[in-house]
1. Given the structure, is MET60 modelled with pLDDT of 95 or more, in contact with a Leu (Cβ under 6 Å, 6 or more places away or on another chain) and surrounded by 15 or more Cβ atoms within 10 Å (Cβ to Cβ)?
2. Just a yes or no: is a residue in segment 27-36 in contact with a Phe, Trp or Tyr (Cβ under 9 Å, 6 or more places away or on another chain) and touching a residue at least 60 places away in the same chain (Cβ under 8 Å)?
3. Is there a residue in segment 80-93 that is in contact (Cβ under 8 Å) with a residue 40 or more places away in the chain, among the β-branched types (Val, Ile, Thr) and either touching a Ser or Thr at 6+ places or on another chain (Cβ under 7 Å) or open to solvent by less than 70 Å² (accessible area, probe 1.4 Å) (or both)?
4. Could you count how many residues in segment 16-49 are on the phi > 0 side of the Ramachandran plot and either buried (at least 18 other Cβ atoms within 10 Å of the Cβ) or assigned to a strand (DSSP E or B) (or both)?
5. Note down all Cβ pairs under 6 Å where the first residue falls in segment 1-22 and is closer than 14 Å to MET93 by Cβ, the second is part of a loop (DSSP other than H, G, I, E, B) and open to solvent by 40 Å² or more (accessible area, probe 1.4 Å), and they're at least six residues apart or on different chains.
6. For VAL11, state whether it is assigned to a loop (DSSP other than H, G, I, E, B) and β-branched (Val, Ile, Thr).
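The values are calculated or read from the model by the stated rules, or taken from the named source; none is laboratory data. As the structure is a prediction and not an experimental result, all values here were calculated from the model. Quick reminder, even Gly has a Cβ in these numbers, built from the backbone with ideal geometry, and neighbours come from all protein chains shown. Areas reflect the complete protein model, heavy atoms only, side chains present, ligands, DNA and RNA absent. Shrake-Rupley method; radii C 1.70, N 1.55, O 1.52, S 1.80 Å.
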Amino acid sequence: MSVAGTYDTVVKSPMGDQKGTLTVVPGDDGNTFTGSMAGGMGSMDVKDGTINGNALSWKMDMTVPMPMTLNCNATVDGDQLTGTVNAGAFGDMPITGERQG
């Protein structure tokens, strides 16, 4: 099954649960993807998105509440997404999601 889709996500952050919508748009090569993460603090574009089977890896540049690059890894199992978002000095935060539709 393709990893493509829109996922309703929750990141367990030090500031509480951050709900968002992650969009995964695979490239023509099947090894890369683009998309975005939209949530209560705005939208961030996916950077350097890679696909390895059902594993996703990507970066996002956060600006609010402070500028930093988030390093993200997740695995898609059916319609479920699980993984981690690394926020530098704040460490790894769990991310979970469910594909819409």
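1. Values: modelled with pLDDT of 95 or more: yes; in contact with a Leu (Cβ under 6 Å, 6 or more places away or on another chain): yes; surrounded by 15 or more Cβ atoms within 10 Å (Cβ to Cβ): yes.
When the stated conditions are applied, MET60 passes them.
2. no
3. yes
4. Within segment 16-49, the first condition is being on the phi > 0 side of the Ramachandran plot, and the residues that meet it are 16, 30, 35, 42, 48.
If we keep only those that are either buried (at least 18 other Cβ atoms within 10 Å of the Cβ) or assigned to a strand (DSSP E or B) (or both) as well, we get 16, 35, 42, 48.
Count: 4.
5. none
6. Details: assigned to a loop (DSSP other than H, G, I, E, B): no; β-branched (Val, Ile, Thr): yes.
No: the conditions fail for VAL11.
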